[in-house]
Amino acid sequence: KAAAFPVAKTLDTFDVAVSSIPAATFSYLSSLEWVRTHANLAMIGPPGTGKSHTLIGLGIAAVHAGLKVRYFTATDLIDTLYRGLADNTVGKIIDTLLRADLIVLDEIGFAPLDDSGTQLLFRLVAAACERQSLAVASHWPFEQWGRFLPEHTTAVSILDRLLHHATIVITDGESYRMRDARQQRKDQ
Ligand code: ADP
């Protein structure tokens with residue numbers, strides 16, 4: 001099944017020099033070595049700082065390298081798992097997801113999760129860790145994840161597993177969209 005990326009963003013159209021991602025980190029991530037060793041990636045930073053572009057670019061590169069990739073926004077993933085909960089197929093859905101080498105979860109924290117949503121996310125993270133790679137993005141710094149994962153113990157367990165073997169990339173600075181808009185005004 002296709003990875004279902006929402007837009008086609010590739011690593012070669014990402015301008016690392018204007019991003020806050022260190023070139024060495026970007027090059028390490030682009031090598032996909034971390035996917036082969038089942039390590040994770042967490043990208044944290046405000047909107048417009050290139051998190052989605054990087055995640056999708058890495059996902060597309062992984063597909064080209066012959067790896068199996070699934071892409072979800074956190075909301076879509078939780079909706080899918082909730083449907084599984086309703087008809088008793090959640091285990092099956094997770095098993096299917098576990099066939100991917102890389103699971104990309106974008107926009108974590110856009111919508112708060114209730115307790116069972118948090119449990120479902122934990123189930124997936126726990127099952128995936130050390131067997132495949134998770135790549136996630138959120139605009140919330142880790143210490144604020146309690147804002148959308150209200151069940152504290154489970155939230156801590158999710159972070160603990162996710163970050164155990166992970167590259168953490170903090171993106172900051174001005175939104176690329178804003179920068180682009182400013183540049184276009186200047187060029188007019
Ligand atoms: P985020 O996920 O952090 O909100 P996005 O990755 O969606 O941000 O970036 C917003 C827009 O700016 C996208 O169209 C993306 O392609 C573009 N963009 C962001 N950073 C860069 C960059 N360094 N080089 C090229 N395009 C970028």
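Scan region 19-29 for residues that are assigned to a helix (DSSP H, G or I), under 16 Å from I168 (Cβ atoms) and within 12 Å of the ligand (Cβ to nearest atom) and report the count. Full working, then the answer.
Filtering region 19-29 down to residues assigned to a helix (DSSP H, G or I) leaves 23-29.
In the following step, the residues that additionally are under 16 Å from I168 (Cβ atoms) were identified as 24-26, 28-29.
Within this subset, residues satisfying the condition of being within 12 Å of the ligand (Cβ to nearest atom) are 26.
Summing the residues that are assigned to a helix (DSSP H, G or I), under 16 Å from I168 (Cβ atoms) and within 12 Å of the ligand (Cβ to nearest atom) in region 19-29 gives 1.
Would it be correct to say that V35 is within 29 Å of Q119 (Cα to Cα) and touching an Asp or Glu at 6+ places or on another chain (Cβ under 8 Å)?
Taking the combined requirement at face value, the residue satisfies it.
Got a sec? Which of A74, A100, A86 is over 26 Å from R147 (Cβ atoms), of a type in the set (G, A, S) and in contact with a helix residue (DSSP H, G or I) (Cβ under 9 Å, 6 or more places away or on another chain)?
Exactly one residue qualifies, and that residue is A100.
Out of all the residues in region 131-151, is one or more part of a helix (DSSP H, G or I), within 21 Å of G59 (Cα to Cα) and either within 16 Å of the ligand (Cβ to nearest atom) or at pLDDT 95 or above (or both)?
no
From the residues in region 152-180 that are part of a helix (DSSP H, G or I) and of a type in the set (D, E), which one is nearest to I78 (Cα to Cα)?
Of everything passing the filter in region 152-180, D160 is nearest to I78 (Cα to Cα).
Taking into account only those residues within region 139-188 that are surrounded by 11 or more Cβ atoms within 10 Å (Cβ to Cβ) and hydroxyl-bearing (S, T, Y), which is nearest to V104 (Cα to Cα)?
Among them, the one singled out is T167.
Would you confirm, using the coordinates I've provided, whether I103 is touching a Ser or Thr at 6+ places or on another chain (Cβ under 9 Å) and closer than 15 Å to F5 by Cα?
yes
Would you be able to tell me the number of residues in region 110-130 that are surrounded by 19 or more Cβ atoms within 10 Å (Cβ to Cβ) and outside any helix (DSSP H, G or I)?
Residues that pass the stated criteria total 2.
Mind checking whether some residue in region 61-77 is in contact (Cβ under 8 Å) with a residue 24 or more places away in the chain and on the phi > 0 side of the Ramachandran plot?
Within region 61-77, not a single residue is in contact (Cβ under 8 Å) with a residue 24 or more places away in the chain and on the phi > 0 side of the Ramachandran plot.
Scan region 39-68 for residues that are of a type in the set (K, R) and surrounded by fewer than 18 Cβ atoms within 10 Å (Cβ to Cβ) and jot them down.
Result: K68, single match.
For region 95-109, which residues satisfy the criterion of being buried (at least 16 other Cβ atoms within 10 Å of the Cβ) and of a type in the set (A, V, I, L, M, F, W, C)?
To start, the set of residues in region 95-109 that are buried (at least 16 other Cβ atoms within 10 Å of the Cβ) comprises 97, 100-109.
Across region 95-109, the qualifying residues are L97, A100, L102, I103, V104, L105, I108.
The values are calculated or read from the model by the stated rules, or taken from the named source; none is laboratory data. Not measured: the values here are computed from a predicted model. All Cβ positions, glycine included, derive from the backbone under ideal geometry; neighbour counts span all protein chains shown.
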